[in-house]
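What follows is calculated from the coordinates using simple rules that are stated; it is not laboratory data. Worth saying up front: this structure is predicted, and the values here are computed from it rather than measured. Using ideal geometry, Cβ is built from the backbone for each residue, glycine included, and neighbour counts are taken over all protein chains shown.
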Ligand SMILES: [Zn+2]
């Protein structure tokens, strides 16, 4: 068994369901301390984070990842116990195998090999590891970044180890992510009897044309890296349940996944102008969960593409699809951020798994990136 697989198994064996860490970070920290990393645990409320850095000079390369996993789900649907790592036909099974304990193991081993060959490498290497990526992401990466910013410790290049690949490891590099913003809309009317509509004011009737217009609006056309911005109504409710009552209020929740063609302020202004145009009596509150970011050029992207090609001959597709990731907290500091990790076909599912060979190839890719940036 390779070093990578042995470490991945040790990590999977720890049942670190979010926001628990269950000693995963200690295990990683011990390995990193042995090769000259300065270990700095950062605990915020219920969340354990690890900041580990080797070197004090710039440029600073950082690997960002998480030790927490989503719950196992129905145990009887797993062919093998989720927290007993099992290898069958060259495939490693267990919760977190792909998301993302496999990546953590690949990077720790890649760094060990790199440091053995280049003990006096240029710049610095760091690990930013959290245990709340799968949870509410309040006390994880964002708090660590705040701490680093406060002491002006700047990340130049960051690889997030999220499972970015589709069919073969390295076939996709995520070089950005869409932004996400949610609107909670309350439209006020006047409740009354359906037989006396002149004495009431139906908020559903008033809001329906505005909602139709929101749904039909083209917000932008996207660009070379982003699909067009999308608007989706996620929840809607009104009415008392009785067939003879005009409701007094309508509640609607909608979400935008937006490209770099728009800012969240553009979206807020356009939605509010549209609601005003329809003369609605409304209240609207917004929750921004992430700004879009894009790394379309730079030394990190070049190094990753070259390393992937050298390891398995793939020319990776550069995509920004999928949900948000912790990269959204790191990119605003000015860092170049990409995501490179194993195949994501089974993440968050029962019988989560990853090919053993893929994790070994991933370690070679990570090492190849370090060689190109810091050797
Ligand atoms: Zn993940």
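What to note about this one:
- Computed over the chain, the per-residue total of -39500 (n - 2.57) for DSSP H runs of n ≥ 4 gives a 222 nm mean residue ellipticity of -9500 deg cm²/dmol, rounded to 500.
- Equivalent ellipsoid semi-axes, the range 1-104, via Cα gyration tensor eigenvalues times 5, rooted, Å: 27, 17, 10
- Fluctuation leader among 118, 193, 79 - the chain, Gaussian network, Cα springs under 10 angstrom: 193
- Its residues counted as N, the chain yields a C-alpha radius of gyration over 2.2 N^0.38 Å of 1.14.
- The chain: relative contact order as a whole-number percent, Cα under 8 Å and 6+ apart: 25
- Convex hull volume of the C-alpha atoms in the range 141-285, normalised per residue: 178 Å³.
- Note on the range 133-213: the C-alpha convex hull projects to 11.3 nm² when averaged across all orientations.
- Global size of the range 319-375 as Cα Rg and Dmax, reported in angstrom: 14.1, 40
- Tail beyond 14 Å, pair distance distribution of the range 235-307 (Cα, percent): 74
- Full extension of the chain between residue 261 and residue 223 yields a length gain of 12.9 nm, computed as 0.36 nm times the residue separation minus the alpha carbon distance.
- Here each label is just a point 7 Å from Cα along the line to Cβ, and for residue 147 and residue 302 those points are 3.4 nm apart.
- The range 46-96 and the range 192-251: distance between their alpha carbon centers, rounded to Å: 42
- Computed from Cα positions, the angle between helix 3-12 and the longest principal axis of the chain comes to roughly 40 degrees.
- The range 279-365: proportion of alpha-carbon pairs further apart than 17 angstrom, %: 63
- Degrees, to the nearest 10: 141-150 long Cα axis against longest axis of the chain: 70
- Tensor-based shape of the range 91-161 (alpha-carbon gyration tensor, a/c under 1.5 rounded, otherwise prolate or oblate): oblate
- Chain lengthening between residue 168 and residue 204 when straightened (0.36 nm per residue, less Cα-Cα): 8.1 nm
- Max mean-square fluctuation residue, GNM over the chain, Cα-Cα springs under 10 Å, options 145, 246, 159: 246
- Between the beta carbons of residue 6 and residue 35, assuming R0 = 22 Å, the FRET efficiency works out to 0.85 to the nearest 0.05.
- A straight chain from residue 242 to residue 76 at 0.36 nm per residue would run longer than the Cα-Cα distance by 55.5 nm.
- Estimated inter-spin distance, residue 91 and residue 284, nm [label 7 Å along Cα→Cβ]: 4.7
- Built from the Cα atoms of the range 48-173, the convex hull projects on average onto 9.6 nm², one quarter of its surface area.
- Evaluated over the Cα positions of the range 214-355, the convex hull gives a direction-averaged projected area, one quarter of its surface, of 13.2 nm².
- Efficiency of FRET from Cβ geometry, residue 317 and residue 84, R₀ 45 Å, rounded to 0.05: 0.80
- Angle in degrees between helix 356-374 and the longest Cα principal axis of the chain, rounded to the nearest 10: 80
- All Cα pairs of the range 282-329, percent lying beyond 12 Å: 73
- Within the listed set 237, 103, 325, the Gaussian network model of the chain (springs between alpha-carbon atoms below 10 Å) gives the highest mean-square fluctuation for 237.
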